[in-house]
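**Student:** Structure below; questions to follow.
The values are calculated or read from the model by the stated rules, or taken from the named source; none is laboratory data. Note that this is a predicted model, so its numbers are computed, not measured. Note: ideal-geometry Cβ built from the backbone for every residue, glycine included; neighbour counts use all protein chains shown. Note: areas computed on protein heavy atoms with side chains; ligands, DNA, RNA excluded. Shrake-Rupley method; radii C 1.70, N 1.55, O 1.52, S 1.80 Å.
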Amino acid sequence: MACILSLEPALIKLGDNFQCICGSGIEEARDLIEKPCIVYGTESAFKTKIQLRPCLRCRNRFIRPDCREIGILNLNNRSLFMHTLLEHYTMNFASSETPMVAFTTDTT
């Protein structure tokens with residue numbers, strides 16, 4: 001899947017129909033908050049913010065955006081990775097024995 005971001009978003013929005021891992025919905029959540037995050041791509045990384053809702057059922061967990069539709073993997077609400085970066089790593093890993101440290105050194 002190609003990344004469909006043309007500009008670095010100032011905010012990655014939550015959307016309407018998301019649930020927490022525990023299954024509770026947005027109606028059972030607190031108000032929206034914005035947290036800083038870093039989006040890593042093949043050419044660069046950029047800082048932005050991500051919208052989250054603290055879950056009332058789970059302590060320390062958030063209802064978070066999936067980001068699939070914009071070509072991003074949301075790992076932990078702080079580190080997000082563009083699908084193009086993951087595809088690039090997969091291609092390198094499949095063609096040779098490339099550990100993550102070597103891949104990181106090669107792309108930076």
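**Student:** Quote the charge dipole size of segment 6-95 about the Cα centre in Debye, to the nearest 20; the model charges only the Cβ of Lys and Arg (+1) and of Asp and Glu (-1).
**Tutor:** Working: 12 positive and 10 negative charges, 91 e Å.
Here the size comes out at about 440 debye.
**Student:** What's the extension gain from Asp16 to Ser79 if we count 0.36 nm per residue and subtract their Cα-Cα distance? Don't skip to the end; give the middle numbers.
**Tutor:** Values: separation 63, 0.36 × 63 = 22.68 nm, distance 2.22 nm.
Residue separation times 0.36 nm, minus the Cα-Cα distance, leaves 20.5 nm.
**Student:** On to the next question. Would you list Ser95, Ser79 from the most to the least accessible area, probe 1.4 Å?
**Tutor:** Sorted descending by solvent-accessible area, the residues read Ser95, Ser79.
**Student:** Given the protein chains as shown and a 1.4 Å probe, how many square angstrom of Thr84 are accessible, to the nearest 10?
**Tutor:** Ignoring ligands and nucleic acids, Thr84 comes out at about 40 Å².
**Student:** Quote the accessible area belonging to Cys20 in square angstrom, nearest 10, computed with a 1.4 Å probe and with ligands, DNA and RNA left uncounted.
**Tutor:** So the heavy atoms of Cys20 present about 10 Å² to solvent.
**Student:** Mind giving me the FRET efficiency for Arg59 and Val101? R0 is 25 Å, r the Cβ-Cβ distance, nearest 0.05 is fine. Show your work: numbers first, answer last.
**Tutor:** On the way: r = 35 Å, r/R0 = 1.39.
For R0 = 25 Å, the calculated efficiency reads 0.10.
**Student:** Could you list which residues have their amide H under 5 Å from that of Leu56, counting only those 5 or more apart in sequence or on another chain, with H placed in the peptide plane?
**Tutor:** Amide H neighbours of Leu56, under 5 Å, 5+ apart: Arg30.
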